[in-house]
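In what follows, a single structure is set out as structure tokens and then discussed.
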Amino acid sequence: MAMVDEPLYPIAVLIDELKNEDIQLRLNSIRRLSTIARALGEERTRKELIPFLSENNDDDDEVLLAMAEELGVFIPYVGGVEHANVLLPPLETLCTVEETCVRDKAVESLCRVGAQMREQDLVEYFIPLVKRLAAGEWFTARVSSCGLFHIAYPSAPETLKTELRTIYSQLCQDDMPMVRRSAASNLGKFAASVEAAHLKTDIMSIFDDLTQDDQDSVRLLAVEGCAALGKLLEPQDCVAHILPVIVNFSQDKSWRVRYMVANQLYELCEAVGPEPTRSDLVPAYVRLLRDNEAEVRIAAAGKVTKFCRILNPELAIQHILPCVKELSTDSSQHVRSALASVIMGIAPVLGKDATIEQLLPIFLSLLKDEFPDVRLNIISKLDQVNQVIGIDLLSQSLLPAIVELAEDRHWRVRLAIIEYIPLLASQLGVGFFDDKLGALCMQWLKDKVYSIRDAAANNVKRLAEEFGPDWAMQHIIPQVLDMINSPHYLYRMTILHAISLLAPVMGSEITCSKLLPVVINASKDRVPNIKFNVAKVLQSLIPILDESVVEKTIRPCLVELSEDPDVDVRFFATQALQSINQVMMSI
């Protein structure tokens, strides 16, 4: 070891580890490249480390992926931007491997390096690299090249720019669908770097070719390009070139293409402006909402609120609402679920009268849907409707449904209702809440499912915060404390949990007079789980109560528990006693 020349040592270790049979060692070595480069210095990194990495490209995909990632942030270690070009050869090689994620990461790193390179270096090194990849014999190289044009193009001289546009056009007509797919998905980025004059001619003719491709996987990526190109073109050009394509795509024979249109449509509305949206895109959207494939209806239903926001209320009521009514009784639960997750957002768009007249019946039918996810999605967005129609109407029409859901057979639905209760309480006000929902909140503390009992304890605390300690003293505390006598130990544990949550809200006086005696009494319980939970609750009460109460009441109880036969009870009691000692020492 001493004989090895010190600066040589890191590269020797790296080479050894990179040739090791253990993949983890090879991975660790690659992830430490920056440390090794610092040890070698900039010059030796350029002359020894980078060439070595260029040769070492037949490893496991995991190692190559790590290498592609590391090289993207390697410019500082090779001597800054003036030497950035030395990183291109190893990354170029990685762009041609078979594994897609390695190629994608290599392209991402090349873009990162290229974005920092000087203009003359881009022309001298980066653009030839793009051309080499685009002319590659293997489709993998050509696929990778498509993601690099937007970096190479802005720095190219005029003659090279024309050549790059021609090459990109050829890639869009490549024999391999994978290459055409890559060209279609990168078209938006490339178009953004092309001058406006060429955008309407060269880029639009490339785009037209892609939209008529015989592979649906290429056409659906062209749909994404529609939105990107729409933002680059003037509105009148957008109407002339993009709008007809979208209208055709919305009737494409492949459901996957129609699905992409449904996902992208509202972005295109912004690009083409209000008039064409009204005349062309609304009918296209209505077609998608009534599509015979459930997946397309799901995508379209999920965008219904965003689409309505672009339209005026009259148009939404006239064209979109009839479809929404149909979707609310759709045969696919997933369509109804997608609709339920966004339908509440339509209320502010339509205004109070239309919401009451048109939307409320749909909400009520979805609240009674047989599938829990549909009901859940409606419950979680109720506040958006409350802002529009007011609490009186909401309580008359929706509260009976909420009370019904509070006893739903699916525990996740009950859980969603519990989490919504504090918000509902603040909107309904204390009087209304006591009448309708108070009993429910107590009932949940005795639920068969732990998550519900836990959420119910938190709910009780949040209600006490909302309505204040005096209200809690009247309506919550007596009923909660009654439950400590429940024959089932799990319910008794829930009450202890509720007490620990309520104590900070109620303050030291009520905690001392009402809550503490119940906890002390529970320490005599025959079930060890209750006793160690008592120790935990007492520990949480220490900061709230006076020092004298801690010494006279809590400490003796904990001392007794610390001598319990059960090991867990002793452990938590001892922990709580240590906590008391720490508090006393800090005073």
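The values are calculated or read from the model by the stated rules, or taken from the named source; none is laboratory data. No experiment lies behind these values; they were computed from the predicted model shown. So basically every Cβ, Gly included, is an ideal-geometry build from the backbone, and we count neighbours across all protein chains shown. For the accessible areas, the whole protein counts, side chains as well, though only heavy atoms, and no ligand, DNA or RNA atoms are used. Shrake-Rupley method; radii C 1.70, N 1.55, O 1.52, S 1.80 Å.
Figures for the structure shown
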read-out	value
Answer residue from the stretch 447-463, given it is open to solvent by 60 Å² or more (accessible area, probe 1.4 Å) and part of a helix (DSSP H, G or I) and is farthest from Ala498 (Cα to Cα) among those	Tyr450
Single residue of Ser508, Ser513, Ser500 found to be open to solvent by 20 Å² or more (accessible area, probe 1.4 Å), at pLDDT below 80, closer than 22 Å to Asn485 by Cα and among the polar types (S, T, N, Q)	Ser513
Some residue of the stretch 377-393 being farther than 24 Å from Leu327 by Cβ, at pLDDT below 70 and in a helix (DSSP H, G or I)	yes
Selection from the stretch 438-475 of residues that are among the β-branched types (Val, Ile, Thr) and closer than 23 Å to Leu399 by Cα	Ile452, Val460
Subset of the stretch 512-529 (residues that are assigned to a helix (DSSP H, G or I) and either within 20 Å of Gln578 (Cα to Cα) or not hydrophobic (A, V, I, L, M, F, W, C) (or both))	Ser513, Lys514, Leu516, Pro517, Val519, Ile520, Asn521, Pro528, Asn529
Qualifying position, being outside any helix (DSSP H, G or I) and under 39 Å from the mean Cα position of the chain (by Cα), among Pro565, Pro543	Pro543
Contacts under 8 angstrom Cβ, first residue in the stretch 306-321 being over 15 Å from Asp280 (Cα atoms), partner part of a loop (DSSP other than H, G, I, E, B) and not hydroxyl-bearing (Ser, Thr, Tyr), 6 or more apart	Pro313/Gly351
Among residues of the stretch 285-316, those that are farther than 18 Å from Leu366 by Cβ, surrounded by fewer than 20 Cβ atoms within 10 Å (Cβ to Cβ) and out of contact with any Phe, Trp or Tyr (no Cβ under 9 Å at 6 or more places or on another chain), counted	7
Residue within the stretch 540-560 that is over 21 Å from Val583 (Cβ atoms) and open to solvent by less than 10 Å² (accessible area, probe 1.4 Å) present	no
Test set (1) free of Cβ contacts under 8 Å to residues at least 12 places away in the same chain; (2) touching a Pro at 6+ places or on another chain (Cβ under 7 Å) - Val505 fails condition number	(1)
Options Arg278, Arg336; residue that is at pLDDT 75 or above and either part of a helix (DSSP H, G or I) or of a type outside the set (Asp, Glu) (or both)	Arg336
Restricting the stretch 79-96 to residues that are at pLDDT below 80 and assigned to a loop (DSSP other than H, G, I, E, B), the residue that is farthest from Ala39 (Cα to Cα)	Cys95
